[in-house]
Amino acid sequence: MPSTQTSYLFNQIVKFIDRKYFEFLVNRYAGNRYVKHFTCWNQLMVLVWAQLTTRRSLRDIVGSLAAHKEKLYRLGMGVNIARSTLSEANTKRDVAIFRELALRMMEKALKIRIIDKDLEAIAAAFSLSGFFAVDSSTIQLTSTLFSWSTLKQGYGGIKMHTLFDLLRLVPALVLVTDHAAGDQVFMEDYPYHPECVYIFDKAYVKPKALAFINSEGAFFIVRRKTDLDIGVVSDNSIVGEAGVLADQTVIFRGSKSKKGYPHPLRMVTYYSTDKEQEFVFLTNSFTLPASTVAALYLRRWDIERFFKWIKQHLYIQDFYGRSVNAVCIQIYVAVITYCTIALIADEYESTLSRYELIRALGTALFEKRHLPDVIDEITKKESMERPDNFYGMESLFGKSDILSSRDYYS
């Protein structure tokens, strides 16, 4: 029988959220002004619980919590949670409180242990400090329900612009904008660090921004657009390098592109046998093997996995309000929840995926059991079922394409 002194599992989980900093933000933005019963902390706890238990609507949240009414105060949610009260809080409270807490949680998550050992080996072999994918994901909104959203291609929407740490599989920065904002717009706003590699899809071929990354002492890998005017300076191909069709030094020849990025570039052409497709990459790194440049680009799939995972398992498709404020708060709470789970996994050195962990913890939040005991139990149950390549490199090109590149850093 569990000890009566053991707190609810939910309370143990939310201890990983920086409450002191959150209360600082609440005071800064006067979040609790005129509030008597349902504070910002109560609101955050309800929304985190809703994410962990995959609640789909305000009605679903309130109805589910009503069955545990006697526990809500101890869970930090307050008492007598009404749908109108939660709706008003989501609509009126300053989104900056939740955005800045999400930034703080991402900062904490960037300090956890490295998960991807293959990338860690590449970093050690080539004196690199980190690997980041940059991309955005659009969440479509019905224009009749979300009238504030700009129409684009016939529908409304919002966009998550994300910088994703590929070593630790956590977001380093999330910026929420209207979906009409182009991906290239924010390229020069991301924090770039020396000796780190930043990986982009072809939507991010912006010569001026690439020059900025280069000036920061960082490296980029970006997929080439077919309409770019590029001139070949020299051929650096190594005979027999698996999958590599060409490894060339090139320059931009278009007047605007050349003005934006006047330096030589490296262009790697790679053929994926699994995909039966040719890929062309541009990079400012002249030291990485060409096959490793290709292998690093396919790591961009991890950010796509993050977008898919957070949409499906931390609910941001079914919103708890129709105002822009409510939508943004829900997205930032989803990021806070994701980072919380990452911190828990790191604290207890869990080998579980974050999906496995959140799925299992979400079913036991009202139990009074020790968190590490629950994680150990879940690990024993799930470890035999998890695919070996859950965070593997085989997602984009296929397994056979990347095996040869491992020889460079194995």
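Readers should treat all values here as calculations from the given coordinates under stated rules, not as data from a laboratory. Model, not experiment: these values are computed from the prediction. Positions of Cβ are backbone-derived with ideal geometry, glycine not excepted, and every protein chain shown enters the neighbour counts.
Table for the structure above
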item	result
Whole-Hz ³J(HN,Hα) from phi, Karplus 6.51 cos²θ - 1.76 cosθ + 1.60, for the stretch 156-168, glycine and proline x	x, x, 10, 10, 9, 8, 10, 9, 10, 6, 7, 6, 10
Residues whose placed amide H lies under 5 Å from that of Ile230, excluding near-sequence neighbours	Arg253
Partner lysines for Lys92 [C-alpha distance under 18 Å; skip if fewer than 8 residues away on the same chain]	Lys36
Built amide H within the under 5 Å cut-off of Leu141, gap 5+	Gly156, Gly157, Ile158
Under 18 Å from the Cα of Lys15 - aspartates and glutamates, other chains or at least 8 residues apart	Glu23, Glu100, Glu107, Asp346, Glu347, Glu349, Glu367, Asp373
The stretch 146-154 - phi-based ³J(HN,Hα) in whole Hz, Karplus 6.51/-1.76/1.60, Gly and Pro as x	10, 5, 6, 7, 5, 6, 8, 6, x
For Val250, distant residues with modelled amide H under 5 Å away	Val233, Leu265, Arg266, Met267
Förster-model FRET efficiency, 41 Å R0, Leu175 and Gln5, C-beta, rounded to 0.05	0.45
The chain: most fluctuating residue of Glu195, Glu356, Glu377 per GNM, C-alpha cutoff 10 Å	Glu377
Coarse-grained scattering of the stretch 169-208 at q = 0.26, 0.35 Å⁻¹, given as base-10 log I(q)/I(0) from a Debye sum over alpha-carbon atoms	-1.25, -1.37
From phi via Karplus (6.51, -1.76, 1.60), per-residue ³J(HN,Hα) for the stretch 330-347 in Hz, x at Gly/Pro	5, 5, 5, 5, 4, 5, 4, 5, 4, 5, 4, 5, 5, 5, 5, 4, 6, 4
Potential lengthening between Arg83 and Glu304 on full extension [0.36 nm per residue; Cα-Cα distance subtracted]	76.2 nm
Ala67/Ile114 FRET efficiency (R0 30 Å; Cβ-Cβ; nearest 0.05)	0.15
For the stretch 61-129, size of Cβ-based charge dipole, Lys and Arg +1, Asp and Glu -1, in debye	340
Cα-based helix-to-principal-axis angle, 95-109 vs the chain, degrees rounded to 10	60
Computed over the chain: relative contact order in percent, which uses C-alpha pairs under 8 Å that are six or more apart	20
